[in-house]
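Structure record follows, encoded as structure tokens.
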Amino acid sequence: MQWTVRLEARTSEGEVKTTELVTFNRPGVVSTLAEIGLMLAETKTLLAKLQASMLCGQVAAYAAHHRVCAACGVLQPLKDRRTRRLQTLFGTVEVEAPRFKLCRCRLTTPLAEATVSPVCALLTGRCTPELEQVQAELGARTSFRDGARILEALLPVSPANHESLRTPPGQSQSHLPQPHPASRPAAKLTVPSADG
Ligand SMILES: [Zn+2]
């Protein structure tokens, strides 16, 4: 047998876009109990695809909305296309983060040039607040390392890193002062050897 999961996204203007997320294949007639029903690995794949599709759609709509100059209503020119990675409970998602040239009507001098990146302004941290909160809550009950292992066993969660594991409950990482992106080290994708 074959099951296909399709996601139907409908914008506020009524535009509908259908995306095929995953297809699961199983023998037509099962022979053991273990072959019945949805498997953990399949749910991880499904959740990761669903997250990526929803998140990229929302971020693209946000960028398109903020490309329109708030003062005069014209479309601000595209400067370049960049990407940002966001860690979530349901995987790490790479999103488009286009930069736009600031509309001429908002420049103080005619020859000046400034750029705006709405997506970078929206993504104030490397993790979603929900991921930080769940990591902190689980970490408070066991250890931060075991909490990360439990999450990774059940969800397609982004791998834990030192910074998010060591953030005490109630103190969202995204509210702490952040170094400039260029000066940050690459994301640490391993579980720390010592508990937080
Ligand atoms: Zn303008």
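Here are the numbers for the structure shown:
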item: Relative packing of 81-94, 35-48, which averages over residues the other C-beta atoms within 10 Å, highest first; result: 81-94, 35-48
item: Under 18 Å from LYS79, Cα to Cα: aspartates and glutamates that are on another chain or at least 8 residues apart; result: GLU96, GLU113
item: Formal net charge of residues neighbouring CYS69 (Cβ-Cβ distance under 13 Å; K, R +1; D, E -1); result: +4
item: Net charge contributed by nearby residues that have their C-beta within less than 11 Å of THR88 (K/R +1, D/E -1); result: 0
item: MET39/ILE150 FRET efficiency (R0 25 Å; Cβ-Cβ; nearest 0.05); result: 0.85
item: For CYS127, residues with placed amide H under 5 Å, excluding near neighbours; result: GLN87
item: Listed peptides 144-153, 123-132 by packing density, highest first (mean Cβ within 10 Å); result: 123-132, 144-153
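A short reminder: the numbers here are calculations on the coordinates, not readings from a lab. Note that this is a predicted model, so its numbers are computed, not measured. Neighbour counts are summed over all protein chains in view; Cβ atoms, including those assigned to glycine, are modelled from backbone coordinates with ideal geometry.
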